[in-house]
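In what follows, a structure is listed as structure tokens, so that the remarks can point back to it.
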Amino acid sequence: MTTNQYSSLFRLAVKCMKYFFLGIFGFAVVYFLSVGLNLPKVFAFLLPFMTTWVLNLGIIVLCLMLVAIIFESLR
């Protein structure tokens with residue numbers, strides 16, 4: 001039986017990154033559905049909200065991942 005050798009910070013960073021990418025995938029699905037159903041106003045309504053939050057959350061997740069990688073390499 002192998003133990004989990006990664007720190008809790010690294011596991012948290014990976015989990016945050018996973019849900020961040022799942023959220024981006026969800027917005028991509030909404031975009032393709034709105035284009036396919038000829039409803040461009042739905043995505044045009046979400047676009048300003050999405051760009052602000054995705055950019056901010058992406059920077060936070062990236063910084064969290066970088067800190068976790070640095071701590072893992074120093075360990």
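The values are calculated or read from the model by the stated rules, or taken from the named source; none is laboratory data. What you are looking at is a predicted structure, and each value in this text was computed from that prediction instead of being measured. Heads up, the Cβs are rebuilt from the backbone with ideal geometry, glycines too, and the neighbour counts pull from every protein chain shown.
Criterion applied to Leu9, Leu33 was being of a type in the set (A, V, I, L, M, F, W, C), surrounded by 12 or more Cβ atoms within 10 Å (Cβ to Cβ) and touching a residue at least 60 places away in the same chain (Cβ under 8 Å), and the one residue passing it is Leu9. Just one of the listed residues (Phe43, Phe27, Phe20, Phe32) is out of contact with any His (no Cβ under 8 Å at 6 or more places or on another chain), part of a helix (DSSP H, G or I) and either small (Gly, Ala, Ser) or under 22 Å from Ala68 (Cβ atoms) (or both), and it is Phe20.
With the structure loaded, tell me whether Ala44 is among the hydrophobic types (A, V, I, L, M, F, W, C) and surrounded by 12 or more Cβ atoms within 10 Å (Cβ to Cβ) or whether it fails that test. When the stated conditions are applied, Ala44 does not pass them. Checking each residue in region 38-58 for being under 13 Å from the mean Cα position of the chain (by Cα) and small (Gly, Ala, Ser) picks out only Gly58.
The single residue among Val61, Val35 that is among the β-branched types (Val, Ile, Thr), at negative phi and within 13 Å of the chain's Cα centre (by Cα) turns out to be Val61.
Restricting attention to region 36-63, the residues that are over 22 Å from Phe10 (Cα atoms), among the β-branched types (Val, Ile, Thr) and modelled with pLDDT of 85 or more add up to 2.
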